[in-house]
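I have placed the structure first, in the form of structure tokens, so that the comments after it can refer back to it.
Read the figures in this text as sums done on the coordinates, not as results from a lab. Everything quoted here is computed from the prediction, not taken from an experiment. Counting neighbours? That spans all protein chains shown, and the Cβs are built from the backbone with ideal geometry, glycine included.
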Amino acid sequence: MERAELTETHQCMNPSATDFPTEALLESAQDLDQLPTSEVLRLIHEEDARAHAAVGRVMPAVEEAVDVLATALSGGGRWFNVGAGTSGRLGVLDASEMPPTFGVSPRIVQGVIAGGERALRHPVEGAEDESETAIFELNERGLTLGDAVVAISASGRTPFALGAFEAAHAVDARRIAITCDPRSPLAEAAEVAIAPEVGPEVVAGSTRMKGGVAQKMVLAALSTAVMVKLGRVRGNMMTHVTPVSSKLRGRAVRIVMSLGQVDRQTARDALRETDGCIETALQKISRSHR
């Protein structure tokens with residue numbers, strides 16, 4: 001899709017909310033305010049299960065996106081999660097977990113949220129409507145050919161997310177959408193569209209609920225699978241974890257004990273001698289056993 005077409009998608013006619021799956025009314029919840037607490041919670045829980053099933057139905061698209069992202073990162077590119085509101089916060093959250101969990105530099109996977117750092121804790125009114133701000137933010141970070149942009153928007157119509165694709169298109173960066181509407185402008189502008197159809201929310205339009213659950217699941221699956229493909233995991237152990245706390249230092253010891261087939265003291269000694277680097281500690285142990 002050409003840049004002009006991308007821009008046109010959020011300048012054209014404004015359909016009614018009933019045309020948007022994420023704004024529709026959930027019939028079973030229309031008397032929500034009259035239900036006892038147990039029924040409210042039962043309904044929420046049952047609808048969350050629909051999000052799980054919806055993500056399961058789009059796993060082929062998730063697999064395709066994993067291959068795109070792994071190729072980008074292995075070639076020296078970066079991965080940008082871009083979104084507004086709940087979608088933006090989830091993107092930042094997942095990106096922020098990559099350095100401590102998988103030992104990658106913070107520059108490799110980055111979160112970009114409409115409204116900036118303040119928006120992580122407070123609503124920034126109108127920030128999601130600023131497509132040009134997304135373009136500016138990505139350009140400031142040096143978005144280029146070889147990078148990948150993951151635009152996240154439950155409705156698939158958020159101008160900030162669409163702006164991110166405009167920036168990506170301009171430099172031929174890869175474009176992946178995470179949305180709950182496969183017929184949305186965002187899905188149509190993506191190379192790979194991951195679009196779990198979760199249906200109407202328990203509280204109409206509140207996509208922090210099922211929409212957020214589905215987006216969180218997709219992001220966690222994407223990042224974990226990509227890091228596995230890039231060799232940041234051995235077996236199912238995080239051998240590149242950064243042991244910066246007591247809990248993580250204990251985990252590092254257990255990983256070295258398990259993979260190195262050594263006792264606790266040997267594992268501790270190896271980690272101390274390698275400044276806590278699990279992979280280097282394992283290599284040291286392996287050499288000593290030759």
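What to note about this one:
- Ordering 148-158, 211-221 by mean Cβ neighbour count within 10 Å, with the highest value first, yields 148-158, 211-221.
- Taking the longest Cα principal axis of the chain as reference, the axis of helix 246-260 is set at about 60 degrees.
- The chain - charge dipole about Cα centre, Lys and Arg +1 at Cβ, Asp and Glu -1, debye rounded to 20: 2180
- Over the Cα atoms of the range 77-173, the radius of gyration divided by the Kirkwood radius equals 0.95; this is the Rg/Rh ratio.
- With K and R counted +1 and D and E -1, the other residues having a Cβ less than 11 Å from that of Ala193 yield a net charge of -2.
- A cut-off under 13 angstrom between Cβ atoms defines the neighbours of Pro100, and their net charge, with Lys, Arg +1 and Asp, Glu -1, is +2.
- Whole-number D in µm² s⁻¹ for the range 246-288, Kirkwood Cα-pair radius fed into Stokes-Einstein, 25 °C, 0.890 mPa s: 254
- Basic side chains Lys and Arg get +1 at the Cβ, acidic Asp and Glu get -1 at the Cβ, and with that the dipole of the range 246-288 about its Cα centre reaches some 200 debye.
- Relative contact order of the chain, defined on C-alpha pairs under 8 angstrom at six or more residues apart (%): 22
- Note on the range 128-198: along the principal axes its Cα atoms extend 35, 25, 13 Å, ordered by decreasing extent.
- Cα centroid of the range 256-271 to Cα centroid of the range 88-131, whole Å: 36
- Eligible lysines near Lys284 by straight Cα distance, threshold 27 Å, same-chain separation 8 or greater: Lys229, Lys247
- In the range 246-288, Cα pairs under 8 Å separated by at least six residues give a relative contact order of 34 percent.
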